[in-house]
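The values are calculated or read from the model by the stated rules, or taken from the named source; none is laboratory data. If you're wondering where the values come from, they're calculated on a predicted model, not measured in any experiment. Heads up, the Cβs are rebuilt from the backbone with ideal geometry, glycines too, and the neighbour counts pull from every protein chain shown. Quick note on the areas: whole protein, heavy atoms, side chains included, nothing else; ligands and nucleic acids left out. Shrake-Rupley method; radii C 1.70, N 1.55, O 1.52, S 1.80 Å.
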Amino acid sequence: MIDDEAAQAVRHWRATAPETVLLDGFHALKHALRFGAEVRAAVTSDKAAALELAADLADDLTETIADLLVEVEAGTLRELVPRVHPTRVAALAVRRGRQGNLDELSKRPRTAPVVVLDNPRNLGNVGAVVRLAAGFGATGVVTTGDIDPWHPNAVRSGAGLHFATAVERLPGDALPEGPLYVLDAEGEDIRSVTIPDDALLAFGSERHGISPELRKRATRLVALPMRPQVSSYNLATSVAMALFHWGGPDRPA
């Protein structure tokens, strides 16, 4: 019976939640599954609607999602997650292994840059950058500082695409090898610079910019084009511009 199945799913969710990553919404579940995440639990307050979404947006996963999703009462779903996503879907997945991520980040030769976020402060921006890095096929995203790039708010903003690229937090003196291209207002116009595939593309925090330590170690300082009297771009916008420049119009997809 659905009530027995729901009750069992709730017990399993509560037992599993402390050791897993929350996938908040249908799109996060979809992306996580597409990139090999081990999904331990998945619930919804409207399974029929979720399967309609799957048929429209992820027909390659419809059967998998149908098997995973367990329908629970709307009130129960509100108890299980901090806030209910508009798609009324939530899931729990095993976080990507740290050693596997580190191996991927350090592998040479590297065919795509690593994005370095130097002491970011906004978790939503971190997730947005992960989403960009996954879309552009970057090797991964490394953060320095004290916030966890796998925080639920970052994973929510990243729409589950943490599972599509290597995302880790590292000390500033333990970054992967490679030429360090630091985004800095005093640098060369990025339009005149060729970004190598094995570059580390480093971006400063939203408030304070790049740290003096990282700036000092830069192989090259590069700047994004900006109209006079405009002080800065959003962090995710800056990453998108730099990755687009790296990819270039003639780069094979």
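Structural descriptor for the chain: relative contact order 20 percent, calculated from alpha carbon pairs under 8 angstrom and at least 6 residues apart.
Averaging the Cα positions of each part gives two centres, and for the stretch 38-59 and the stretch 1-22 these lie 16 Å apart.
Where Lys and Arg each count +1 and Asp and Glu each count -1, what net charge lies around Gly100 among other residues with Cβ under 12 Å from its Cβ? My count for the surroundings of Gly100 gives +1. Rounded to the nearest 20 debye, the dipole magnitude of the stretch 162-253 is 240 debye, with +1 charges on Lys and Arg beta carbons, -1 on Asp and Glu beta carbons, and the Cα centre as origin.
For the chain, carbon and sulfur atoms together expose 49% of the accessible surface, with a 1.4 angstrom probe and every protein chain in place. Normalised by residue number, the volume inside the convex hull of the Cα atoms of the chain is 141 Å³ per residue. When the charge dipole of the stretch 1-144 is built from unit charges on Cβ atoms (+1 for Lys and Arg, -1 for Asp and Glu) and taken about the Cα centre, the candidate among Ala66, Gly127, Gly140 whose Cα reaches farthest toward its positive end is Gly140.
Rounded to the nearest 5, the antiparallel percentage of DSSP beta bridges internal to the chain is 30%. Relative to the longest principal axis of the C-alpha atoms of the chain, give the angle of the C-alpha long axis of helix 123-136, reported between 0 and 90° and rounded to the nearest 10°. Taking the Cα atoms of the chain, the angle to 123-136 is about 80 degrees. When each of the peptides 216-222, 227-233, 36-42 is scored by how many other beta carbons lie within 10 Å of its residues on average, the order from highest to lowest is 36-42, 216-222, 227-233. Accessible surface for the chain, divided over its residues, is 50 Å² per residue with a 1.4 Å probe. Taking a straight line from the alpha carbon of Lys216, these aspartates and glutamates sit under 15 Å away, with near neighbours fewer than eight places off in the same chain left out: Asp118, Asp173, Asp184, Glu186. Considering only Thr76, Leu105, Ala185, and ranking their Cα positions along the charge dipole of the chain that arises from unit charges at the beta-carbon of Lys, Arg, Asp and Glu, the one farthest toward the positive end is Ala185. Per residue, the average separation of C-alpha pairs within less than 8 Å and at least 6 apart gives the stretch 1-144 a relative contact order of 27 percent.
Neighbours of Leu77, meaning other residues whose beta-carbon lies under 10 angstrom from its beta-carbon, give a summed charge of -2 when Lys and Arg score +1 and Asp and Glu score -1.
Counting Lys and Arg as +1 and Asp and Glu as -1 over every other residue whose Cβ lies under 15 Å from the Cβ of His162, the net charge comes to +3. Against the chain, whose longest principal axis is taken from its Cα atoms, helix 235-247 shows a tilt of about 70°.
Cβ-Cβ distance of Arg191 and Leu61, R₀ of 51 Å, FRET efficiency by 1/(1 + (r/R0)^6): the value works out to about 0.80.
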